[in-house]
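Participant: I have a structure I would like to understand better, so I am pasting it below and will then ask my questions one at a time.
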Amino acid sequence: MSVSPSSGKTTAQAGKIIDVMLDSGSLMTRSADIEMERHRAISDLLADNSFRLAEIDTAPGPYHLHLTLSALEQRLHMRVRCTLSTHTEEISLPLGGLRKQIHDYVILCDNFYKTARAGQIHRLEAIDAGRRSIHDEGAEMLGEMIEDRVILDKLTARRLFSLLYVLHMRGTEVL
């Protein structure tokens, strides 16, 4: 593992997200469940991810990622900044293609939390299986939407979909 003298960053961090920021304007009051999802998605993403800007050899990472959801435009804006080269890439994704997966995931998560609070443990496994399936489908679609701009693995795409879900939520309200 080598260290870049100018930045102190290790080359082992190349191709990694080392910082995630969610636009505070996109986040209103969140329920404890949504806050837990946000914390888990960010922690898991920072602990293990594979993320690299495509076609930018001068920006190998590590990266700072800033996510903003524009509900009015129905777009996810991603600002990716390489800490070594300071190259910044702006990626704007229309969410129309993900609308069904996001909507279904919101409903399944809401049902999961309500069922867990009601102590109906016998129903949780079935709801969670549906939730994982929709989550996988949404993550795959998200990965396909950005594959010409970003190279990432399936696990990183899943965690980004989780953050998209968090950005979509306002409390426990289903949008």
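Participant: Report D for the chain in µm² per second (integer): Stokes-Einstein, Kirkwood Rh on Cα pairs, 25 °C, 0.890 mPa s.
Facilitator: Taking Rh from Cα pairs, D becomes 145 µm²/s.
Participant: Fully extended, how many nm does the chain gain between A47 and I151 (0.36 nm per residue separation, minus their Cα-Cα distance)?
Facilitator: Extending this stretch completely gives an extra 35.7 nm.
Participant: Give, rounded to the nearest 20 debye, the magnitude of the charge dipole that segment 100-175 has about its Cα centre when Lys and Arg contribute +1 at Cβ and Asp and Glu contribute -1 at Cβ.
Facilitator: Rounded to the nearest 20 debye, it is 360 debye.
Participant: OK, next. So, in the chain, how many Lys pairs have Cα atoms under 29 Å apart, if the pair is 8 or more places apart or on different chains?
Facilitator: Step by step, the pairs that qualify in the chain add up to 5.
Rule-based calculations on the coordinates, nothing more; no lab input. Remember, predicted model here, so these are calculated numbers, not experimental data. No Cβ is skipped: glycine too gets one built from the backbone with ideal geometry, and neighbour counts run over all protein chains shown.
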